[in-house]
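Data first, discussion second: the structure below is written as structure tokens.
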Amino acid sequence: MAIFLTGSTGYIGAHIAANLLGQHGASLNLLVRARDPHEAELRLWCAMQLHMSFPRFYEYLQTKIRVFRGDLTSTQFGLQADDYDRLVHTTDSVIHCAASLNRKSEKSCLNVNLRGTLEVVQLGMRSNYYHGLRRFSHVSTVAVAGKRKDEVVTEDEAIDWNRSDYDPYARTKKFCEHMIRQLLPEVPKTIFRPSIVLGDSRHPETTQFDMVKAFVFLAGLPVLPFRSRDKIDIVNVDFVADAVAALHQKEGPQHDTYHLSSGRESQTFKQLTTALAAAQNKRRPLFIPFLEKPFDKGVNLMSNRKGPVGYGASLMKVFMPYLVWNTVFDNTRVTSELGRKPVPFSQYSYPLLKLSRDTNFTYNYEDWPTRAGGSAA
Ligand SMILES: NC(=O)c1ccc[n+]([C@@H]2O[C@H](COP(=O)([O-])OP(=O)(O)OC[C@H]3O[C@@H](n4cnc5c(N)ncnc54)[C@H](OP(=O)(O)O)[C@@H]3O)[C@@H](O)[C@H]2O)c1
């Protein structure tokens, strides 16, 4: 029996897969989008090489990983009937991590997040019917808390149906949580809500650059349109993956929902920029909060441009609400249950900034070794 994990080719999902394999000796059923078996293995190797050498990966592929080539937006993931049956009958629990994070696309969020999660829930119901499902874990987001200002939000207060959402991503992720709770009443469930997941505290290498680009862009400005004492809730991906794996594997987690966040210990813009300035031997930027509106307008205008400037501005546009809401997410549940805390961003932000600039936001992927096997080799 195995854990059915979605999103393993993504940033957080790959960290979770590596943690489950390395720390928990788990067997995994992985849903991977690919045209043929070798492409699936190659895509997995790209996602996993941050975490392990090729021989280790290949050994896991032979012994612990079963790949199901499918898509969340197709009925029964587009799998052949016998493959789908095999998935149902070999899945002992589910970690649903895949999602569309395209905050600008209603269509993509509707299809991947809502229709996709419904497919995963149906798989869970079928496995539960045949042999009982040990746990259904869902990687949600703190964005389900909707529009907020100057708050510390606890897990139980986050969902408020009368509140507006920032974007289609937040809205659909909020409904996913609801759908899972409504449709799987008898299955033990865990909802994980990470805050802004940025960087790995153990090393500066990353394969996901969207948020990093926004961070590097802001870090290069001499003036920031924020209030210096506002807090920003950033969490390291290694903490998130460790918490998801540990609580999913635990026999009886104490709660059904966890914020995976820095909570009240989140750092202020001033703390973050002071640490970065010291590491670079530079002056800290000035904070001029009343520039927020003109800055917003500028970002809006530039986001319509083509090329890297337009791309950078459109990234800023989607992240801006989360930078100025001065809202943090109480993490007492996860820190007291696991006995560990996230690493403050200021402790690992400079190596991340430096490596991202040095590599021009690219990860130097290792190819599939020519002498290794593989389904299509
Ligand atoms: N990153 C953050 O700061 C953050 C914060 C809070 C919560 N989260 C949550 O964490 C989870 C993972 O986020 P991430 O940052 O790791 O995102 P990511 O790197 O973009 O990964 C998304 C994953 O979902 C998969 N996926 C998307 N559409 C799919 C489809 N139609 N069928 C099958 N798989 C599909 C992707 O597969 P492909 O490789 O084939 O595209 C990829 O494996 C999401 O649920 C997100 O809501 C993220």
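The values are calculated or read from the model by the stated rules, or taken from the named source; none is laboratory data. The shown structure was predicted, so the numbers you read here are calculated from the model rather than taken from an experiment. When we count neighbours, we look across all protein chains shown, and the Cβ atoms used for this are built from the backbone with ideal geometry, even at glycine.
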**Fill in**
When every residue in region 1-32 that is near the ligand (Cβ under 8 Å from one of its atoms) and closer than 23 Å to T75 by Cα is compared, the one surrounded by the fewest Cβ atoms within 10 Å (Cβ to Cβ) is G10
**Of all residues in region 198-212 being outside any loop (DSSP other than H, G, I, E, B) and more than 10 Å from the ligand (Cβ to nearest atom), the one that is surrounded by the most Cβ atoms within 10 Å (Cβ to Cβ)** = D200
**Prompt:** Within region 146-160, which residues are in a loop (DSSP other than H, G, I, E, B) and either out of contact with any His (no Cβ under 9 Å at 6 or more places or on another chain) or at pLDDT below 95 (or both)?
**Reply:** G146, K147, R148, K149, D150, E151, D160
**Index of the failed condition, M320 passing every other in (1) on the phi > 0 side of the Ramachandran plot; (2) free of Cβ contacts under 8 Å to residues at least 40 places away in the same chain** = (1)
**Prompt:** What is the number of the single condition among (1) more than 17 Å from K354 (Cα to Cα); (2) among the acidic types (D, E); (3) within 13 Å of the ligand (Cβ to nearest atom) that E265 does not meet?
**Reply:** (3)
**Message:** Testing D233 on (1) within 11 Å of the ligand (Cβ to nearest atom); (2) more than 28 Å from L286 (Cβ to Cβ); (3) modelled with pLDDT of 95 or more; (4) not basic (K, R), one condition comes back false. Which one is that?
**Reply:** (2)
**Request:** Looking only at region 117-154, count how many residues are within 16 Å of the ligand (Cβ to nearest atom), under 18 Å from Y322 (Cβ atoms) and touching a residue at least 60 places away in the same chain (Cβ under 8 Å).
**Result:** 6
**Request:** Give the number of residues within region 115-137 that are assigned to a helix (DSSP H, G or I) and within 17 Å of the chain's Cα centre (by Cα).
**Result:** 2
**Asked** Quick one: in region 222-257, which of the residues that are over 20 Å from Q347 (Cβ atoms) and assigned to a helix (DSSP H, G or I) is nearest to the chain's Cα centre (by Cα)?
**Response** V244
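Matching residues to (1) touching a helix residue (DSSP H, G or I) at 6+ places or on another chain (Cβ under 9 Å); (2) within 19 Å of A2 (Cα to Cα):
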| site | (1), (2) |
| --- | --- |
| W45 | yes, no |
| H51 | yes, no |
| P55 | no, no |
| Q62 | no, yes |
| V94 | yes, yes |
| A99 | yes, no |
| R103 | yes, no |
| H131 | yes, yes |
| F136 | yes, yes |
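Does region 228-257 hold any residues that are among the small types (G, A, S) and surrounded by 24 or more Cβ atoms within 10 Å (Cβ to Cβ), and which are they? Explain how you work it out, then say what you get.
Of the residues in region 228-257, the ones among the small types (G, A, S) are 228, 241, 243, 245-246, 252.
Scanning region 228-257 gives A241, A243, A245.
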**Qualifying residue in region 184-197 (condition: basic (K, R), within 14 Å of the ligand (Cβ to nearest atom), at pLDDT 95 or above and crowded, with 20+ Cβ neighbours inside 10 Å)** = yes
**Asked** Mind checking which pairs have a first residue in region 195-210 that is farther than 10 Å from T362 by Cα and a second that is near the ligand (Cβ under 7 Å from one of its atoms), Cβ under 7 Å, 6 or more apart or different chains?
**Response** S195/V142; I196/M211; V197/I12; L198/M211
